[in-house]
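Let me begin by presenting the structure, written as structure tokens, before commenting on it.
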Amino acid sequence: MLNVVYEDNHIIVVEKPFNMPTQEDESKDRDLLTAVKEYVKVKYDKPGDVYIGMVHRLDRVAGGLMVFARTSKAASRLSEQIRDREFYKEYMAVVEGHIKAEKAQLVDYVKKDKDTNTVKVVSKNVKDSKEAILKYEMIESKDRLTLISVNLLTGRPHQIRVQFSSRENPIWGDGKYGSSYKSRKGIALWSTKLEFMHPTKKTKMTFVLEPPLVEPWDKFKVNRKMD
């Protein structure tokens with residue numbers, strides 16, 4: 001059942017469940033893009049193929065808010081906001097260990113290995129490396145786990161996961177990047193807030209969705225907004 005947070009003629013904001021691909025992949029499992037297209041097709045009795053534009057992604061193992069465009073014009077304008085860093089994305093994550101600084105900006109250069117589908121922090125001089133920038137704030141620490149809020153300034157593959165893992169703070173349940181916790185339900189990374197200008201109305205749109213109160217989120221008070 002698709003959880004639709006907001007919809008109008010130009011955009012649709014939905015919740016991506018953990019372990020659901022954003023778009024079709026090699027697994028051929030049901031993906032969110034297809035689910036959104038089917039929802040719109042059925043609800044509005046649309047004939048033929050339904051246009052849904054994907055303007056950003058979430059890793060399969062993560063969950064939370066995503067916005068899709070219902071027109072090509074909306075897709076173009078939302079993509080432009082993302083390129084210009086005018087599209088605000090905030091995440092919550094539970095990482096292992098204690099964070100050295102309660103609040104900081106992390107700047108790294110990362111490179112993706114397509115053969116292993118993993119990303120590594122590398123030197124700036126490495127060919128095809130890309131700059132990865134995020135800001136984070138610690139919210140609460142308990143039982144050698146730390147709840148953080150993350151403002152993603154660049155959208156590199158696996159960015160939050162690899163930047164914290166490289167500092168020996170892997171995300172809970174993320175075995176690919178060194179977590180000692182095993183989870184079949186996804187990792188503790190959640191897209192909790194989206195803020196952008198509506199592509200046609202030119203009004204600021206803000207959406208907030210807290211992570212589910214299941215392990216490990218249930219250890220913390222998660223109703224916290226980043227400044």
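With every protein chain kept in the model, how would you rank I99, I12 by accessible area, 1.4 Å probe, largest at the top?
So, going from the largest accessible area down, we get I99, I12.
What order, most packed first, do the peptides 200-207, 32-39 have when packing is the mean number of other Cβ atoms within 10 Å of each residue?
In decreasing order of mean packing, 200-207, 32-39 become 32-39, 200-207.
In percent, how large is the relative contact order of region 132-186, given Cα pairs closer than 8 Å and 6 or more residues apart?
Dividing the mean separation by the residue count of region 132-186 yields 22 percent.
Which whole-number percentage describes the relative contact order of region 81-152, with Cα contacts under 8 Å and a sequence gap of 6 or more?
40
Which of the GluC sites (Glu not before Pro) across region 133-227 are loop residues per DSSP, with 16 or fewer other Cβ within 10 Å?
Those satisfying the criteria are E168.
Using only Cα atoms, locate the centre of region 135-186 and the centre of region 13-74, then give the distance between them in Å, rounded to an integer.
25
Report the charge-dipole magnitude of the chain in Debye, nearest 20, computed about the Cα centre from +1 at each Lys and Arg Cβ and -1 at each Asp and Glu Cβ.
The calculated dipole for the chain is roughly 340 debye.
Residues with amide H under 5 Å of T154's amide H, sequence separation 5 or more or different chain, H placed in the peptide plane at 1.01 Å from N; which?
Answer set, sorted by chain and number: I133.
Where does helix 72-83 land angle-wise versus the long Cα axis of the chain, in degrees 0 to 90, nearest 10?
That works out to roughly 20 degrees.
Among the listed pairs K112/K185; K43/K130; K43/K89, give every one whose C-alpha distance is greater than 30 Å.
Going by Cα-Cα distance, K43/K130 fall outside the 30 Å limit.
Please work out how much length the chain gains when fully extended from M54 to V208, using 0.36 nm per residue of separation minus the C-alpha to C-alpha distance, in nm with one decimal.
Contour length minus the Cα-Cα distance gives 53.5 nm.
Between K124 and E80, what is the FRET efficiency for a Förster distance of 25 Å, r being their Cβ-Cβ separation, to the nearest 0.05?
Computed FRET efficiency for K124 and E80: 0.40.
Could you tell me how many degrees, from 0 to 90 and to the nearest 10, lie between the Cα long axis of helix 32-43 and the main elongation axis, the longest principal axis, of the Cα atoms of the chain?
30
For the chain, report the accessible area per residue in Å² (1.4 Å probe, heavy atoms, rounded to an integer).
Value for the chain: 54 Å² per residue.
Counting only C-alpha contacts under 8 Å and six or more residues apart, can you give the relative contact order of region 10-70 as a whole percent?
Relative contact order here is 48 percent.
Could I have the simple spin-label model distance between E195 and E140, label points 7 Å from Cα toward Cβ, reported in nm to one decimal?
2.3
Rank by packing, highest mean first: peptides 113-125, 61-73, with packing defined as the count of other Cβ atoms within 10 Å averaged across residues.
61-73, 113-125
The values are calculated or read from the model by the stated rules, or taken from the named source; none is laboratory data. Not measured: the values here are computed from a predicted model. Note: ideal-geometry Cβ built from the backbone for every residue, glycine included; neighbour counts use all protein chains shown. Calculation scope for accessible area: heavy atoms of the full protein, side chains included, ligands and nucleic acids excluded. Shrake-Rupley method; radii C 1.70, N 1.55, O 1.52, S 1.80 Å.
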